[in-house]
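The values are calculated or read from the model by the stated rules, or taken from the named source; none is laboratory data. Computed from a prediction, not measured in an experiment: that's the story for all the values here. Please note: Cβ atoms are built from the backbone with ideal geometry, for glycine as well, and neighbour counts cover all protein chains shown. The area values use the complete protein model at the heavy-atom level, side chains included, leaving out ligands, DNA and RNA. Shrake-Rupley method; radii C 1.70, N 1.55, O 1.52, S 1.80 Å.
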Amino acid sequence: MAAAVSSVVRRVEELGDLAQAHIQQLSEAAGEDDHFLIRASAALEKLKLLCGEEKECSNPSNLLELYTQAILDMTYFEENKLVDEDFPEDSSSQKVKELIRFLSEPEILVKENNMHPKPCDLLGDELLECLSWRRGALLYMYCHSLTKRREWLLRKSTLLKKHLVDGINYLLQMLNYRCPIQLNEGVSFQDLDTATLLSAGIFSDIHLLAMMYSGEMCYWGLKHCADQQPENCEMDTGVSGASCMTHKESLDFREVGEKILKKYVSVCEGPLKEQEWNTTNAKQILNFFQQSCK
């Protein structure tokens, strides 16, 4: 176990140095100080100090948390730049791949070193949710930009489908990290609406956005990629609307989209009715799914 801990500490330190160098490049290119880059750099400096201590005594969980927080801040700065520039066609594909790689590093590191049976045991549910959400939301925004480029779609709809499948998977993974609260006599709630949301596996506004985003991506998939051969993967949306990818059957954009958006509408018009969440787009997409069956 000590050898595994030492290996993780060395690898986190290496990744931290690479990220710090990348932040330096970003800061110089921006020509001004940015709050997120400053915060990311500070986290990596703290990480460097902790890694310099006795490695066998280091806490991998603390180191991974610092590294992950730095990556989240660094990539947030870059994502905002991509969105502001509407994902430039000549460079955004490579940049999106790079950001996905950065946001995947913490999970990869845990799995490669076999530190825990489940990444959540080391990283925690909230960080894993955030990493999946950020990857899924990034691909959602990127695909949204791509769907407006008619000539690009004619040439590269297969690539769009890949991005959509990946994005949907990340978003539904995000919804699956925490299990729904099982309501029974041993669990008491003062607010019935809150209890209903928790029992549906909805713990925040981000969970609702993930449902809407994944449903909309299913709509784009059915609209723009319906003539292609199906992907060799399966998505089980389960009780909480989350997924697990397996190599068995094809992903059915309609089936996944309908299930997640029906739940979204039900929640928004049920326990969240007073919050005035907009369901117009979700209902229009559900109608599209119904019409495409005929």
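Number of residues in the stretch 150-169 that are more than 14 Å from Lys97 (Cα to Cα) and either aromatic (Phe, Trp, Tyr) or open to solvent by less than 40 Å² (accessible area, probe 1.4 Å) (or both) equals 7. Listed by position, the helices (runs of 4 or more DSSP H) inside the stretch 106-203 whose residues that are at pLDDT below 85 number at least 3 are 120-123, 192-199.
Conditions (1) open to solvent by 60 Å² or more (accessible area, probe 1.4 Å); (2) among the β-branched types (Val, Ile, Thr); (3) within 22 Å of the chain's Cα centre (by Cα); (4) modelled with pLDDT of 95 or more, marked per residue:
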| position | (1), (2), (3), (4) |
| --- | --- |
| Ala29 | yes, no, no, no |
| Glu45 | yes, no, no, yes |
| Glu54 | yes, no, no, no |
| Ser58 | no, no, no, no |
| Ala70 | no, no, yes, yes |
| Leu82 | no, no, yes, yes |
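Residue-wise test of (1) farther than 26 Å from Asp90 by Cα; (2) among the basic types (Lys, Arg).
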| site | (1), (2) |
| --- | --- |
| Cys130 | yes, no |
| Met141 | no, no |
| His144 | no, no |
| Lys148 | no, yes |
| Trp152 | no, no |
| Ser157 | no, no |
| Ile168 | no, no |
| Gln173 | yes, no |
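Which one is nearest to Leu131 (Cα to Cα), of the residues in the stretch 39-81 that are of a type in the set (A, V, I, L, M) and in contact with a Pro (Cβ under 8 Å, 6 or more places away or on another chain)? So, considering only residues that are of a type in the set (A, V, I, L, M) and in contact with a Pro (Cβ under 8 Å, 6 or more places away or on another chain), the one nearest to Leu131 (Cα to Cα) is Ile71. Summed over the stretch 101-116, the residues that are without any contact (Cβ under 8 Å) to a residue 60 or more places away in the chain and either under 20 Å from Asp33 (Cβ atoms) or under 15 Å from the mean Cα position of the chain (by Cα) (or both) give a count of 6.
Residues considered: Thr196, Thr147. Of these, the only one that is open to solvent by less than 60 Å² (accessible area, probe 1.4 Å), touching a residue at least 60 places away in the same chain (Cβ under 8 Å) and within 24 Å of Thr75 (Cβ to Cβ) is Thr147.
Test Glu65 against the stated conditions and say whether it is touching a residue at least 60 places away in the same chain (Cβ under 8 Å), open to solvent by 50 Å² or more (accessible area, probe 1.4 Å) and more than 21 Å from the chain's Cα centre (by Cα).
no
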